[in-house]
Amino acid sequence: MKSDHDKTANRNTQQRAYARELGEPEEKPNPIPRTFLIFAVLIVVWGISYFYLRLGGITDAGDTRTPIVAETTGSGGAADGSAIYAANCQSCHQSSGGGLPGAFPPLDGSGWVTADAKVPVQILLHGINGKITVAGADYESVMPPFADSLSDAEIAAVVTHIRSSWSNAAEAVTADFVAEQRDLHADRSAPWNGGAEIREVVGGPE
């Protein structure tokens with residue numbers, strides 16, 4: 001049997017061994033800095049405020065940009081319909097005239113484009129805000145009016161361009177014709193309320 005002395009020596013040896021061991025690792029508290037929390041709260045409050053303020057404006061998908069007036073080119077200052085289209089229409093209706101499915105209607109093969117010339121002219125003059133059916137699909141995007149930003153010659157040029165581009169093959173439009181159409185609804189201040197109103201007041205595709 002071990003003596004009390006041996007037991008004490010063993011116990012001291014074990015205690016010294018334990019003393020040499022490193023302590024168990026533990027994760028110290030690491031709170032998020034107060035400055036970051038305040039900044040995050042401000043961002044959230046700003047985002048919510050911006051969202052609710054925007055509810056009072058136009059929320060439908062649409063082209064709400066300020067129209068850009070393209071410079072005239074060619075002899076005698078004739079307006080360049082392709083340049084006007086690129087500056088004002090291409091971002092929505094695309095260079096191919098195919099539009100964007102579910103957002104912006106196509107112009108290529110559209111009966112609204114190749115119908116009586118007064119139809120596309122009136123759409124460009126006053127814009128449109130409401131449902132319009134093009135090639136069997138419904139669209140409810142917003143198109144701005146161009147009556148104040150484009151001249152009669154420029155509207156005639158861009159309408160002629162879209163009526164004769166891609167697969168479209170309709171007759172050209174003159175500035176005098178656009179001037180007549182401008183005077184016809186000169187007192188109008190609101191966009192056309194979708195294809196239904198355009199068809200009722202102006203006309204539409206067959």
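Residues in the stretch 184-203 that are surrounded by fewer than 17 Cβ atoms within 10 Å (Cβ to Cβ) and part of a loop (DSSP other than H, G, I, E, B): 185, 186, 187, 188, 189, 190, 193, 203. Would you list the helices (runs of 4 or more DSSP H) that sit entirely within the stretch 77-148 and hold 1 or more residues that are at pLDDT 95 or above and among the charged types (D, E, K, R)? Counting at least 1 such residues, we get 118-126.
For (1) modelled with pLDDT of 95 or more; (2) at positive phi; (3) exposed (fewer than 15 other Cβ atoms within 10 Å of the Cβ); (4) part of a loop (DSSP other than H, G, I, E, B), each residue gets a yes or a no:
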position	(1), (2), (3), (4)
150	yes, no, no, yes
167	yes, no, yes, yes
176	yes, no, yes, no
179	yes, no, no, no
182	yes, no, no, no
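The values are calculated or read from the model by the stated rules, or taken from the named source; none is laboratory data. Treat the numbers as computed from the prediction; the structure is a model and nothing was measured. With ideal geometry, Cβ positions are generated from the backbone for all residues, glycine too; neighbour counts draw on all protein chains shown.
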